[in-house]
Amino acid sequence: MAVILQIHFPFPGPFGEAMVEALTPLAQGINDEPGLRWKVWTESPERHLAGGVYLFDDAESAEAYLDKHSARLADMGVEGIQAQILAVNEGLTAINHGPLGG
């Protein structure tokens, strides 16, 4: 069953196009994560937050990525990581045109 992983954390920046320039190699590497279908990057410069919403094939893949990403963020000194893994109701999501493909 597909699952959503939501991760958000305090982030001083960069944001916008500067974030794209700084994090493109990371974004490209994320594409190789097992079970990942897609990621939507999120940011709030006003609140100094960043993160993402991910769709994974299964909870095991999402949990493995969450462990890996949490360790990477901790190595960067990031504290206050908020994350949750939620099952996707694919039937209702399809009615509302939610992207479930990879």
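The values are calculated or read from the model by the stated rules, or taken from the named source; none is laboratory data. Every value quoted in this text rests on a predicted model; they were computed, and no experiment measured them. Note that each Cβ is placed from the backbone with ideal geometry, even for glycine, and that neighbours are counted across all protein chains shown. What goes into the accessible areas is simple: the full protein's heavy atoms, side chains included, and nothing from ligands, DNA or RNA. Shrake-Rupley method; radii C 1.70, N 1.55, O 1.52, S 1.80 Å.
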Q: For every other residue with a beta carbon closer than 12 angstrom to the beta carbon of Val3, add +1 if it is Lys or Arg and -1 if Asp or Glu, then tell me the sum.
A: -4
Q. Quick one: what does P(r) look like for the chain with 5 Å bins over all Cα pairs, in whole %?
A. 2, 12, 21, 25, 19, 12, 7, 1, 0
Q: Note down the relative contact order for the chain as a percent, whole number, built from C-alpha pairs under 8 angstrom at least six residues apart.
A: 43
Q. Relative to the longest principal Cα axis of the chain, at what angle does helix 59-75 sit, 0 to 90 degrees, rounded to 10?
A. 0
(Q) Out of the total accessible area of the chain (probe 1.4 Å, heavy atoms of protein only), what percent is carbon and sulfur? (A) 56
Q: Hand me the GluC sites (Glu not before Pro) from segment 1-71 located in a DSSP loop with no more than 15 other Cβ atoms within 10 Å, in residue order please.
A: Glu46
Q: Take the chain, connect every pair of alpha-carbon atoms lying under 10 Å apart with a spring to form a Gaussian network, then pick out the residue of Pro14, Pro25, Pro34 with the largest mean-square fluctuation.
A: Pro25
